[in-house]
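Each remark here refers to the structure printed beneath this line.
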Ligand code: DGJ
């Protein structure tokens, strides 16, 4: 068993070939964090705990005769507040007498193969998982907590979650319930977070830890594009390939917090979970409350090793459904081609032209329902607009399928416009405080998904649309953050449950759709990439990465996203130029070379493409069909960061057997008077010989000497003067990109 309990030393050792996670039971029944890192041999008394005592003898301690035994300096697994530990705490409950003090102590444990689902929430799964359950009890409040630990046989990953159970006859209020807490013995780390905004999601930020609390969070109701539910801690000298890094994330799509606190003794406490701001949960006798599941990765192979572990976990142990490990269909989406201005004829022209170019899926985006000619109206009225589609959505779906394409549809089920039949009939279904005017976002309100009647209504209505149109794919959008929080269906003392109940309602709706339409491929979306999180990957195995489809912009967005999310999860499309978000023009090759590293598609009108671009698109799609499985499921390796000099970016994918690799190289702006760059590749087999179109290299050469970039681009530029020695043949102009296919001979 990869989890052992030593009765004598009262230590649990959770391990596989990569990592060890060791926790112990302290003499007051608290659980101590002893070690998380590279695998250690199992030995009795493996971690002798020598506390580093603080200078003060007056530290608060639970045992009067042992003044040095103090939570102030202990490394604790699920710390409370109020008995001597003054760092941020992992949980807090309020009891019927108004006390907020808890003190749980260890009771028992259970180790078993496999892993249970978390009711109503996403959870990792797999045949190769072993679970440790630690049972803790608080005598005074008569509350139980269970700490869950899960280890996967072949990944450097631990996942954790917590269950609260009220056993006493008085209810409690949980006011804070983080999913995990990890105390590390030192603070020599830099903290990486993925931050941004609409159009520039998940930019990498890295700064050294310092004494005090560093936090990213969301209070927007969804995970948000401002901060992703992810942090990594890395050593100063850790790079892509070497050095230690921890990655932490959450299978959760709602308000979160992710924090690191360095204390006066240079210990670091890291934790993640539901954002305690605007949260509380009333727990009655016999009821359970489950936290979301958290993912903890340890890598001693740099950030690359951390990302690969997360990618593998996401692909194999979080994503579900028909497309879990299958190349995703090449799609054409009509949004940027038509916006709201379309009819059946126009759509079918686009679909048939897309089919000619090789597309496999046609997606009808926003604007097909109600009277939605702009974004001020009709959300909630999921009835086909017969002015645009006089024969109904079913007929359009059939015609698209008759062309030999799959059919996909856009929905935004969580929203309602003031101008809609739904709002007129059920104004109280939109989130809002009684007697207060609601705030708008994109002219719309958010439906109260904490109310099961709303979920039922939307499920029934949209199910009819899915049945009628026989959808193969659904783009589930969400275009504003939550505000004016209040639900008339909750009593006053439960209003702070709203945010979490909203997410539970949202997951419930997703699960019902998945059960009813098990073969549909779902793609999540929230004004681009505002809801990109591991929780959603359980329901929708791909997410629209950003509304910003400019190739240059996408380098940073996709590079940052790849820190945690696998390539296959990133919806990435080639759009028209000048680009609609940033008005930049790049070549169709540049845009496609970026977009192919993702769930690939096009977001433009193929009927108006030049013959040259049409030819290019058909070649790109043919190429993608040949290598799509490798692009989407190969091992993704970052080579050059676009965050470093804003100009160069390179990455590659390698097949599992290392026989095929594709290297992508991008140079945003050209520079005069340069020589060809060499780039050292990674992840190849040093003993293989790899052929490009015209050359053969040893795998060892490619990884140690490097690959000469722009190797296959030796033609003299058309407009350069060959007789002018100041003209430089290495310069390919701005927005240069190349894809190099390497095949083992
Ligand atoms: C925002 C999405 O990110 C876009 O791709 C598009 O679907 C629009 N919404 C439609 O309103």
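A few notes on this one:
- Considering the stretch 88-105, and only residues there that are closer than 19 Å to residue 73 by Cα and in contact (Cβ under 8 Å) with a residue 60 or more places away in the chain, the residue that is farthest from the chain's Cα centre (by Cα) turns out to be 105.
- Filtered residue count, the stretch 439-452, keeping only those that are surrounded by 23 or more Cβ atoms within 10 Å (Cβ to Cβ) and within 16 Å of the ligand (Cβ to nearest atom): 3
- The residues listed here are 367, 321, 305; of these, the one that is buried (at least 19 other Cβ atoms within 10 Å of the Cβ) and within 21 Å of residue 470 (Cβ to Cβ) is 367.
- Checked against the criterion of being away from the ligand (no atom under 15 Å from the Cβ) and under 22 Å from residue 539 (Cβ atoms), the stretch 415-430 has no qualifying residue.
- Taking helices (runs of 4 or more DSSP H) as the structural unit, those lying wholly within the stretch 496-562 and holding at least 2 residues that are touching a strand residue (DSSP E or B) at 6+ places or on another chain (Cβ under 8 Å) and within 16 Å of the ligand (Cβ to nearest atom) correspond to 551-561.
- The one condition in (1) touching a residue at least 60 places away in the same chain (Cβ under 8 Å); (2) surrounded by 21 or more Cβ atoms within 10 Å (Cβ to Cβ); (3) not in a loop (DSSP other than H, G, I, E, B) that residue 231 fails to fulfil: (1)
- Here is the figure for the stretch 578-610: residues that are within 16 Å of the ligand (Cβ to nearest atom) and either surrounded by fewer than 18 Cβ atoms within 10 Å (Cβ to Cβ) or in contact (Cβ under 8 Å) with a residue 60 or more places away in the chain (or both) total 10.
- Counted as qualifying within the stretch 611-707 are the helices (runs of 4 or more DSSP H) with 1 or more residues that are without any contact (Cβ under 8 Å) to a residue 12 or more places away in the chain and closer than 24 Å to residue 331 by Cβ, namely 611-633.
- Test result for residue 156, out of contact with any strand residue (DSSP E or B) (no Cβ under 6 Å at 6 or more places or on another chain) and in contact (Cβ under 8 Å) with a residue 12 or more places away in the chain: no
- Set side by side, the residues 194, 209 differ, and just one is modelled with pLDDT of 95 or more, in contact with a strand residue (DSSP E or B) (Cβ under 6 Å, 6 or more places away or on another chain) and buried (at least 21 other Cβ atoms within 10 Å of the Cβ), which is 194.
- Single residue of the stretch 453-493 satisfying the filter (surrounded by fewer than 19 Cβ atoms within 10 Å (Cβ to Cβ) and outside any helix (DSSP H, G or I)) that is farthest from the ligand (Cβ to nearest atom): 491
- Residue list for the stretch 378-411, filter: within 16 Å of the ligand (Cβ to nearest atom) and free of Cβ contacts under 8 Å to residues at least 60 places away in the same chain: 378, 381, 385, 388
- Here is the figure for the stretch 106-130: residues that are more than 21 Å from the chain's Cα centre (by Cα) and closer than 30 Å to residue 82 by Cβ total 5.
- Selection within the stretch 351-360 - within 16 Å of residue 607 (Cα to Cα) and either within 15 Å of the ligand (Cβ to nearest atom) or not in a helix (DSSP H, G or I) (or both): 358, 359
- Residue in the stretch 361-373 that is on the phi < 0 side of the Ramachandran plot, more than 16 Å from the ligand (Cβ to nearest atom) and either in a strand (DSSP E or B) or in contact with a strand residue (DSSP E or B) (Cβ under 8 Å, 6 or more places away or on another chain) (or both) present: no
- So residue 575, is it within 16 Å of the ligand (Cβ to nearest atom) and more than 19 Å from residue 668 (Cα to Cα): no
- Residues located in the stretch 325-350, provided they are under 22 Å from residue 514 (Cβ atoms), at pLDDT 95 or above and either surrounded by fewer than 19 Cβ atoms within 10 Å (Cβ to Cβ) or away from the ligand (no atom under 16 Å from the Cβ) (or both): 326, 327, 328, 329
- Residues satisfying the stated conditions in the stretch 30-46, i.e. over 32 Å from the mean Cα position of the chain (by Cα) and at pLDDT 95 or above: 30
- Of the strands (runs of 3 or more DSSP E) lying entirely inside the stretch 145-197, those containing at least 1 residues that are more than 18 Å from residue 291 (Cβ to Cβ) are 172-184, 190-197.
- Residues satisfying the stated conditions in the stretch 234-252, i.e. touching a helix residue (DSSP H, G or I) at 6+ places or on another chain (Cβ under 6 Å) and part of a strand (DSSP E or B): 243, 245, 247, 249
- Single residue of 405, 409, 422 found to be more than 23 Å from residue 544 (Cβ to Cβ), buried (at least 21 other Cβ atoms within 10 Å of the Cβ) and in contact with a strand residue (DSSP E or B) (Cβ under 7 Å, 6 or more places away or on another chain): 422
- Test: residue in the stretch 684-704 that is in contact with a strand residue (DSSP E or B) (Cβ under 7 Å, 6 or more places away or on another chain), on the phi > 0 side of the Ramachandran plot and modelled with pLDDT of 95 or more: no
- Qualifying residue in the stretch 294-315 (condition: more than 30 Å from residue 244 (Cβ to Cβ), in contact (Cβ under 8 Å) with a residue 60 or more places away in the chain and more than 16 Å from the ligand (Cβ to nearest atom)): no
- Strands (runs of 3 or more DSSP E) completely within the stretch 7-47 that count 2 or more residues being over 21 Å from residue 129 (Cβ atoms): 19-25, 31-38
- Residue 285 vs. criteria more than 29 Å from residue 637 (Cβ to Cβ), surrounded by fewer than 21 Cβ atoms within 10 Å (Cβ to Cβ) and within 16 Å of the ligand (Cβ to nearest atom): no
The values are calculated or read from the model by the stated rules, or taken from the named source; none is laboratory data. Predicted model only: the values in this text are computed from it and were never measured. For neighbour counting, all protein chains shown are included, and Cβ atoms are generated from backbone atoms with ideal geometry for every residue, glycine included.
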